[in-house]
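A short reminder: the numbers here are calculations on the coordinates, not readings from a lab. As the structure is a prediction and not an experimental result, all values here were calculated from the model. Backbone-built Cβ (ideal geometry, glycine too); neighbour counts: all protein chains shown.
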């Protein structure tokens with residue numbers, strides 16, 4: 001498997017394609033479907049996202065098939081574990097699996113079911129530890145007002161520098177293109193938050209005027225700053241402010 005596969009999130013792997021800048025990319029072969037274009041398959045016309053899904057089904061089958069065909073080094077599964085999982089995914093019952101694989105007892109299949117659930121728990125613990133390690137290594141901080149906090153917020157300094165270099169014009173400081181992917185979007189919103197003084201109150205007009213210096217669609221930026229918790233506002237929308245905990 002190449003970079004598109006290993007860079008994809010779990011949700012993207014389940015779909016078979018990742019949501020990239022301006023389009024969608026197959027996680028297996030890397031084929032790109034540009035958003036805004038119409039794709040044709042036989043007599044059927046499809047949008048980019050539908051074409052990406054159609055491509056995966058027709059060229060690669062199911063993601064389960066692709067994952068189960070990974071070698072032991074990549075999947076962490078033994079040959080027998082892979083065989084049991086494949087039969088379970090195919091809908092076989094415990095008795096049929098025991099007979100197919102030559103187990104002496106149906107209880108052996110049940111033991112594998114238990115082991116798989118334990119393996120999933122262990123994977124969750126390991127992923128959490130690795131995210132915390134990468135967070136500390138990159139000195140990434142998540143401000144107290146952050147909303148919908150998950151792996152999208154975890155970036156290190158190297159990643160942030162790369163995203164800023166990609167999306168921010170070095171000369172003007174303006175956003176060249178607002179990113180679609182969540183992790184990159186959060187980095188850009190964090191950059192914009194730095195243009196405001198924590199604790200100072202701004203009117204909506206002042207916020208819009210400042211954001212317009214960096215992107216023409218300032219209304220979208222203002223909305224995202226609120227939605228992601230980088231900026232707060234009162235109930236009638238007359239006052240905006242950046243909480244002092246942002247960046248700490």
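Taking N as the residue count of the chain, its C-alpha radius of gyration divided by 2.2 N^0.38 Å amounts to 1.31.
The angle between the Cα long axis of helix 218-227 and the main principal axis of the chain comes to about 60°, on a 0 to 90 degree scale. Panel order for 130, 46, by other beta carbons found within 10 Å of each beta carbon, from fewest to most: 130, 46. Across all directions, the average projected area of the convex hull around the alpha carbons of the range 178-248 is 4.4 nm². Only helices enter this figure: runs of n ≥ 4 DSSP H residues, each worth -39500 (n - 2.57), summed and divided by the residues of the chain, yield -15500 deg cm²/dmol at 222 nm to the nearest 500.
If you run the Gaussian network model on the chain, springs between alpha carbon atoms under 10 Å, then out of 173, 42, 237 the most flexible one is 42. For the chain, the longest principal axis of the alpha carbon atoms and the long axis of helix 182-193 meet at an angle near 20°. Over the range 1-119, the ratio between the Cα radius of gyration and 2.2 N^0.38 Å evaluates to 1.32. GNM remark for the chain: springs join alpha carbons under 10 Å apart, and the peak mean-square fluctuation among 20, 171, 108 falls on 171.
Projecting the alpha carbon convex hull of the range 1-69 along each direction and taking the average yields 4.4 nm². Does anyone have the angle between helix 157-167 and the longest principal axis of the chain? Alpha-carbon axes, 0 to 90°, nearest 10? Between helix and principal axis, roughly 70 degrees.
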